[in-house]
Amino acid sequence: MVKNISVLFLIPGFILAFLIGGAQSVNAGEQRQIPTVSVPTVTSSPVGAFVIVTRDYDQINVRGGPGGDGAYPVVGVLIAGQQVPALGRSEGGLWVQIAYPGAPGGVGWVYTPLVEVSGSLPIIEPPPTPTPRTTPTIDPTLAAQFIIEIPPTHLPTFTPPPPLSIPTFSTSEVSLASDRVPMGLVIIGMGLIGMFGLLISLLRDR
């Protein structure tokens with residue numbers, strides 16, 4: 001009976017010792033897997049040449065090619081202060097090709113005056129301009145419904161005025177007028193005659 005009781009007490013002891021030994025071996029295995037050298041960390045800063053969007057603009061457009069006149073569509077944007085890797089530049093240097101995963105082919109183009117370029121960049125040939133999928137055509141039958149024909153109207157005719165009649169004076173009339181006595185002299189003469197008659201009548205009354 002005593003032996004059986006001792007055996008019952010020893011069995012849990014063996015089980016506990018086995019569990020403790022297994023945990024220590026697991027911890028030792030984990031400690032052996034810890035590296036003793038420094039592990040390099042991945043940073044977001046690009047390696048090589050890169051561009052940074054200037055703070056003068058909240059965001060700039062990323063286009064599918066070097067051209068802002070509508071030849072290449074806008075494929076994305078960059079915000080102020082954003083830094084992306086630069087891959088090359090256009091022949092004139094006005095556009096920079098950048099790594100842009102959201103664009104077709106994973107690249108895009110930005111306008112150089114809007115960014116700060118760091119590093120030397122090779123010249124890259126621009127991609128071909130995209131062609132429209134369909135060429136717009138005009139239905140002549142539909143267009144004919146909107147064509148308005150304006151009938152020709154007669155412009156008013158211009159009738160020249162009759163010629164002006166300019167009176168002319170003959171030399172005989174001019175000479176006749178010069179032979180006449182001036183009207184002022186006639187009036188003065190009549191006045192003197194009246195005064196002379198008045199003077200005679202006054203003398204007679206005396």
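The values are calculated or read from the model by the stated rules, or taken from the named source; none is laboratory data. Because the structure is a prediction, the values reported are computed rather than measured. FYI the Cβ positions are ideal-geometry reconstructions off the backbone, even for glycines, and counts take in every protein chain you see.
Are any residues in the range 97-119 over 24 Å from D56 (Cβ atoms) and loosely packed, with under 13 Cβ neighbours inside 10 Å, and if so, which ones?
Residues satisfying the conditions are P101, P104, G105, G106.
From the set of residues in the range 75-96 that are in a strand (DSSP E or B) and within 22 Å of the chain's Cα centre (by Cα), which is surrounded by the most Cβ atoms within 10 Å (Cβ to Cβ)?
V96
Quick one: is G88 touching a Leu at 6+ places or on another chain (Cβ under 6 Å) and either of a type in the set (S, T, Y) or in contact (Cβ under 8 Å) with a residue 12 or more places away in the chain (or both)?
So G88 passes the test.
Identify, by number, the condition in (1) among the aliphatic types (A, V, I, L, M); (2) under 60 Å from the mean Cα position of the chain (by Cα); (3) modelled with pLDDT under 75; (4) not in a loop (DSSP other than H, G, I, E, B) that L142 doesn't meet.
Against the list (1) among the aliphatic types (A, V, I, L, M); (2) under 60 Å from the mean Cα position of the chain (by Cα); (3) modelled with pLDDT under 75; (4) not in a loop (DSSP other than H, G, I, E, B), L142 comes up short only on (3).
Inspect the range 177-200 for any residue being surrounded by 10 or more Cβ atoms within 10 Å (Cβ to Cβ), modelled with pLDDT under 75 and more than 30 Å from G67 (Cβ to Cβ) and give the result as yes or no.
no
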